[in-house]
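A.B. asks: One structure follows; several queries about it will come next.
Please treat every number below as a calculation from the coordinates, not as lab data. Bear in mind that the values here come from a model prediction, so they are computed numbers and not experimental data. Backbone-built Cβ (ideal geometry, glycine too); neighbour counts: all protein chains shown.
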Amino acid sequence: MGHANGSGGRNGGAHIDKRDFDANRRLLGGEDVENGRAAGQLGRCSNESDGLFCDVVTEIVRRDRELMRRELVRMGSFVWGVLTASCAGSITGFSVYGPLLLSRLHYTQFRVNAVAVAAELAMYLPVPIFGYLCDRYSPGPVAILSAFFFGPGYLLAALTYKSGPPPDAGGSGWPYFIMILGFLGVGAGTASMYLAAVTTCAKNFARSKHKGFMLAMPIAAFGLSGMWQSQIGRHLLYEHGPNGEKGDVDVFKYFLFLAIMLFSVGVIGLFALRLVDEDKLIDEAVEELERSGYLDESPFFHSREEVEASYGTFGPDHSGSSRARDDGDSVTSSREEEKKKAWLLNQETKIFLRDKTMWCLAAGFFLASGPGEAYINNVGTVINTLSPPSYPPNLPPPAGYPSTHVTIIALTSTAARLLTGSLSDMFAPIPHSHLQVPHEPSDLATPEVRLTLSRLIFLIPSAILLSFGYLYLSTPLALNYPSTFPVTTSLVGLGYGAAFSLVPIIISVVWGVENFGTNWGIVAMVPALGATVWGVVYSAGYEAAISPGESECRGWSCYGYWALGCTASAWVAAIFWGIAWRGWRKRGVIV
């Protein structure tokens, strides 16, 4: 009793009697002591009388380990997704070597522009295909596909540059079309690597309250990629002058660097970009469609656990035949899950394409992103139009260097993407399901107590910011005070970045993430069309305003009417987004 009391004193006064012990329980052995307390606990579960307790403990340990493994995979995929996106936008550094294609390879300005356009078309037009592959086969295979676009693409470009001017330009180098072919690969690699990274982050954090920020991170990293890669080219991979001074970027080495780096990133992405709990997202989306009346109730579309539970009883245990049957059921179940996923994604694509609000969202994105793309592509020539004809050519342009404006756009657009992503997470209302289908507003739960702001509250002002930038450019202030031109660039960068961050976030919120790659890929095609339209408008106005006998345009007429048109386009974009918002509110869709 003395020992019992002593023990009880150490355990808060509890009294332990010998009758509290099970005589049939085996004693703690030396092996258990060596393996520690956890191992000893599991070891004591080997007795048949403790079978239920042992099963519970083992299952808890197994589930905890599985949960930890999934979270590690989720975070590892997110980190690699951001790193992948930060490498994928190499084409945005085109201005670093574009002038050297003109001077070293004797390309005409038309040919240099054609190289950039080829990459842009290959970057935007196949986006729905790569998004479809991400949704059906996971982002990993799309990442390895990008490696085989980027690697050979930049390698062809490097060897073509190394060979010198083509025969039709007075040289003996490789033909011009090989450079076009190489940059077609670069554009396709950009689209596939970008979508693999963004889709991974979108699907892995579909349930997270910070999903907007998690999606904005790779999008923002993509905007920075061209900037840091161009700095490596300028400060590490440069040519040496006659006296050892730093010269232009060594384009051959720069292309080889990009080929090796991007090929490696794509190969690693095959293993690192993995989806976690995608099957649960599919099951939830199917059940939401069932509740909404989009399909009749059918066991085929139920989750595997619900189907198995519906049978209600267990048959006799025939161990041999049961194992064989289990193997067959496993294969059948896997095939049914694949069919279920394919059916769901096809159904969601139909819903997406038939939704009028989607076309309003895409129209607004076309009207906002098109002028932004055209501005980024032509900011260098706009700078020249702001310089007076008598301005000394050996002095820095009064409106700033083109590289300065490229950096401003990269930094402001990145800041806008991160800021809008985090603010939309902080203030946006929380939907009651990951796939939102039309329902009566009265069916919604009671409003939240916290302050909520729709994501459209952030998206519509992005178009207004764009319009302010173009409006300032269209006033005499930009021409009379060229040093204030960075104001336009900053406003365009902020509006452009916010739109490119919020549109994919809204798509993931309204139509779910199960088919995100395909849905975002469809909408992401419109910037290519917008850039083409507004690029042609700018070129036509520029050429028409050139004075007779001059090779370059100077003054307001070179860009003024184009800037006014871009201002109007941004305002119409805001109207289209307002119409989409009104449609979602009528249907009770929380965005």
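A.B. asks: Take I457 and T475, extend 7 Å from each Cα along the Cα→Cβ direction, and tell me the distance between the two endpoints in nm.
C.D. replies: 2.8
A.B. asks: Which of the lysines could a cross-linker span from K586 if the Cα-Cα distance has to be under 22 Å and same-chain partners fewer than 8 positions apart are dropped?
C.D. replies: K586 reaches K350, K356.
A.B. asks: Could you calculate the contour length gain from L52 to L564, that is, 0.36 nm times the residue separation minus the distance between their Cα atoms, to one decimal place in nm? Before the final figure, lay out the partial values.
C.D. replies: Working: separation 512, 0.36 × 512 = 184.32 nm, distance 7.59 nm.
Full-extension gain reported as 176.7 nm.
A.B. asks: Now a separate question. Two decimals is fine: what is log10 I(q)/I(0) at q = 0.12 Å⁻¹ for the range 499-591, from a Debye sum with one equal scatterer on every Cα and no solvent?
C.D. replies: -0.57
A.B. asks: Next question, about the same structure. Suppose each label sits 7 Å from its Cα in the direction of the beta carbon; what would the R585-R65 distance come out to in nanometres?
C.D. replies: About 5.4 nm, to one decimal.
A.B. asks: Right, another one. Compute the FRET efficiency between A544 and D248 as 1/(1 + (r/R0)^6), taking r as their Cβ-Cβ distance and R0 = 51 Å, and round to the nearest 0.05.
C.D. replies: 0.90
A.B. asks: Further, regarding this structure: V249's amide H: which non-local residues (gap 5+, or another chain) put their own amide H closer than 5 Å, with H modeled 1.01 Å from N in plane and none for Pro or chain starts?
C.D. replies: E239
A.B. asks: Which lysines, if any, have their Cα less than 18 Å from the Cα of K211, not counting same-chain residues under 8 positions apart?
C.D. replies: Partners found: K203, K280.
A.B. asks: If you don't mind, another one. Compute the length gained on full extension between L353 and T381: take 0.36 nm times their separation in residues and subtract their Cα-Cα distance, giving the result in nm to one decimal.
C.D. replies: Working: separation 28, 0.36 × 28 = 10.08 nm, distance 3.86 nm.
Stretched fully, the L353-T381 segment lengthens by 6.2 nm.
A.B. asks: Tell me which lysines have Cα within less than 25 Å of K253's Cα, excluding those fewer than 8 residues away on the same chain?
C.D. replies: K162
A.B. asks: Right, here's the next one. Given all pairs of different Cα atoms, what value in angstroms does the Kirkwood hydrodynamic radius of the range 76-276 take?
C.D. replies: When all Cα pairs of the range 76-276 are included, the Kirkwood radius is 17.3 Å.
A.B. asks: What distance in nm separates the two pseudo spin-label positions at L529 and W228, each 7 Å out from Cα along the beta-carbon direction?
C.D. replies: Distance between the two pseudo-spin positions: 3.5 nm.
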